[in-house]
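Let me begin by presenting the structure, written as structure tokens, before commenting on it.
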């Protein structure tokens, strides 16, 4: 909380971005302590890597120091307080945190916990709930990510800056050590991303984290080897198609179940044995999520980082 | 002994945090943030073993990679103002 | 055998912690950026493998041990690279190390190279 307060009070936005990174990883540690490993994983992957990079690149395009507010903030304060009070009043009726007599703990959760292993057949219950029991919600999330990428493409687009010089890194000095170590590190990051993608059934992991890790490898390549270097390797056109493909795979699994006569996204239609069907369904669905997340994150990075000051 | 090591890491993280707040230049803040990240990796590894967290090593491995990427990102996007003097087109140093 | 492992592990952890805290104190007390890079980069690159080795010695042979070894190698490789890149970029950006007074009567050596 100290860090959050400090982040609000500081007007040097560069320091604020780094404090956000610190805050994000403290939150990840907190999630670990609460035994929510998948969430901690995603928080670490997104908050420490991608968000820092994107915030820094947008900071690069705008001012470094926070502008002083020009209007009197009293009206905003009143609106925020009223809304906050209304929300708190609404929450007062809800069951307490961890209250064992809450309805969700009486009916839904025991069903997942007791039947999850038998019905879906994978040790990681979080992935089972995410991809199978609540597959429709996850489909919505994937579409939201796709929509975010779409919005960034429509609003910002990827400018082809003729002054970009691939191969010349913006990090000062002749960074031979950095380039050599990065060359070895990038394949390892990609390999780790693959591990996280397919290990999600057993431990922490899954499509979202894996997509972010994959994108981080390419972001690292772009940061170290110069402007537009990643763009030469993975052109934006491919990424547009890949993002759509990811969502299509996910929806395709659902439609296939429909065509097979079962409800939308019912994986037991995918194979003779329902548990095998669940495995196959979760595999395909996580693959779709991973591809979609990877493409969208990389597209957003291209949109932000490829611009120089004069091309705003 | 592990507990003592965890406390030592926490103390070091606090010292690095102070440097992030103090650091007269941004370079100091970058350095302290990188140091904070490395200590977090160690903290997650050790505390995860002691407190028996689930899949803690995966998170530690991930964070070791991301700390590196974050540090490189900060370096790339930070304007090296002094480097702009003497170059023909200052706008091209992004 | 177990007692020896425990002893070596405790020594590693102790050394690692001492180095860690020393690095942190150096980060705070050193007068300028380049000495801080030196203090923090060098000590932490040794402290991390020592602490992780101390942890590894307490584990059984398992996948976790391999992962700890991977983290150890990773930190050993990336921490010096990152601090080196930082120092080089800062130097390129125009920051210069703090120099001692040149006109001291006792010797006159000790000015750091720009």
Given the conditions (1) within 10 Å of chain B (Cβ to nearest Cβ); (2) under 23 Å from residue A:219 (Cα atoms), report the number of the one that residue A:13 does not fulfil.
-> (1)
Boolean, residue A:6 is within 11 Å of chain B (Cβ to nearest Cβ) and touching a residue at least 60 places away in the same chain (Cβ under 8 Å) = no
Which of the following residues is touching a helix residue (DSSP H, G or I) at 6+ places or on another chain (Cβ under 8 Å), touching a residue at least 60 places away in the same chain (Cβ under 8 Å), part of a helix (DSSP H, G or I) and buried (at least 21 other Cβ atoms within 10 Å of the Cβ): A:45, A:28?
-> A:45
Of (1) modelled with pLDDT of 90 or more; (2) assigned to a loop (DSSP other than H, G, I, E, B), residue C:101 satisfies every one except (1)
Among the residues of segment A:204-232 satisfying the criterion of being at the interface with another protein chain (Cβ under 9 Å from one of its Cβ atoms) and not in a helix (DSSP H, G or I), which is farthest from residue A:289 (Cα to Cα)?
-> A:227
Failed condition for residue A:265, given (1) without any contact (Cβ under 8 Å) to a residue 24 or more places away in the chain; (2) outside any helix (DSSP H, G or I) = (1)
Number of the exception - residue C:41 against (1) farther than 25 Å from residue C:7 by Cβ; (2) crowded, with 19+ Cβ neighbours inside 10 Å; (3) within 7 Å of another protein chain (Cβ to nearest Cβ) = (3)
Scanning segment A:178-195 for residues that are in contact (Cβ under 8 Å) with a residue 24 or more places away in the chain and within 9 Å of another protein chain (Cβ to nearest Cβ), which turns out nearest to residue C:87 (Cα to Cα)?
-> A:178
Reported set for segment C:51-68 where residues are under 14 Å from residue C:11 (Cβ atoms) and either surrounded by fewer than 22 Cβ atoms within 10 Å (Cβ to Cβ) or free of Cβ contacts under 8 Å to residues at least 12 places away in the same chain (or both) is C:53, C:56, C:57, C:58
Go through segment A:153-198 residue by residue and tally those that are closer than 23 Å to residue A:216 by Cβ and either modelled with pLDDT of 80 or more or in the same structural domain as residue A:41 (by TED's automatic domain parsing) (or both).
-> 25
In segment B:14-31, is there at least one residue being modelled with pLDDT of 85 or more, crowded, with 20+ Cβ neighbours inside 10 Å, over 24 Å from residue A:10 (Cα atoms) and facing another protein chain (nearest Cβ under 7 Å)?
-> no
Index of the failed condition, residue A:242 passing every other in (1) surrounded by fewer than 24 Cβ atoms within 10 Å (Cβ to Cβ); (2) part of a helix (DSSP H, G or I); (3) modelled with pLDDT under 90 = (3)
Could you name every one of the helices (runs of 4 or more DSSP H) located completely within segment A:62-152 that has at least 2 residues being modelled with pLDDT of 75 or more and surrounded by fewer than 10 Cβ atoms within 10 Å (Cβ to Cβ)?
-> A:74-91
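The values are calculated or read from the model by the stated rules, or taken from the named source; none is laboratory data. In this text, all values refer to a predicted model and were calculated from it rather than measured experimentally. So basically every Cβ, Gly included, is an ideal-geometry build from the backbone, and we count neighbours across all protein chains shown.
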